[in-house]
Amino acid sequence: MYSDLTSEFAALLTDKIRMSRTIEDLRLSYRDAKPFPYVVIDDMFAPAVLDALLVEMTTMAGEKWKQVDQDSRERTLRMKSAADMGAAGEKLLSIVHSAAFLHFLTEITGISQLLPDPYLLGSGYAQMRRGDYFNVHSDRNVAYDTGMLRRLAMIVFLNKAWSPEYHGQLELWNHEATRCDATIDPLFNKTVIFEVADPNYHGVPVPLACPGDRMRQSFIVYYHTVGTKDQPDIKPHTSRFAPRTHGTNRMTLRQLAREVTPPFLTRAIRKLSGHDA
């Protein structure tokens, strides 16, 4: 099923990525990982490439960012459009969307005929501020407009001097969403590749506690196939959140009150308290 990493294949990746582990080691790590297939690769990209991403992110105008704030389940910042990306982002995409890199992913995961998403729907630059979170969920399984099946997610973390006390760790949960089985620190030039499938629960459920002038920054890429023989009758769905009664995904009293209070009553309370003009 897998081919050897030939010198010709290795040459295609020269000056694109740096490998301190063998393909076989990465393949076994991915296959045997718990609670679902994933692999973490350190220092895969040239630091200068990622430094340029950080500069580009910090200079992107506010109107190019979209605040995602849905139903007390997620509060994050994502870039609005791939068209807003500059030269630094395009350089990274030229690597991770290349045929050589797609073959590299196939060698690790065993998923053949992988395709990138040039529109970066739901991906690209991502930021989380102090107090932001993304509760435990399984990812959308079908790309928004193309109809292609999502198979892999790749997150490249961009955070230097990030303290564990800031939180922001990516958590991987068991299939019942009752237990976090793995955590990944969002450290600079740490890349995680994981299988997108149901239920493959993951998230950043603990609100960030970083200083107000810091953000958790990352670059996200999704990979797809045109269906799969193993699952011919896939039904599209958006992100599926784990039951909130589990672990750190539990609702706070304030969130519960917000959800059970009718909107008209919420507006009346806000007016009486002087929060609405």
Note to self: Just want the ordering: W65, W162, from fewest to most Cβ atoms lying within 10 Å of their own Cβ.
What the structure shows: W65, W162
Next item on the list: With a Förster radius of 22 Å, plug the Cβ-Cβ distance of S81 and T58 into 1/(1 + (r/R0)^6) and report the FRET value to the nearest 0.05.
Entry: 0.75
Checklist line | Cα-based Lys pair tally, region 7-242, threshold under 20 Å, eight or more apart or on separate chains | finding: 9
Margin query: Taking a ≥ b ≥ c as the square roots of the Cα gyration tensor eigenvalues, with a/c under 1.5 meaning rounded and otherwise prolate when a/b beats b/c, else oblate, which class fits region 7-242?
Written below: rounded
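Read-outs: derived from the displayed coordinates by stated rules, not from any lab. Note that the coordinates shown come from a computational prediction; the quantities given were computed from them, not determined experimentally. Here Cβ is always computed from backbone atoms with ideal geometry, including for glycine, and neighbour counts include all displayed protein chains.
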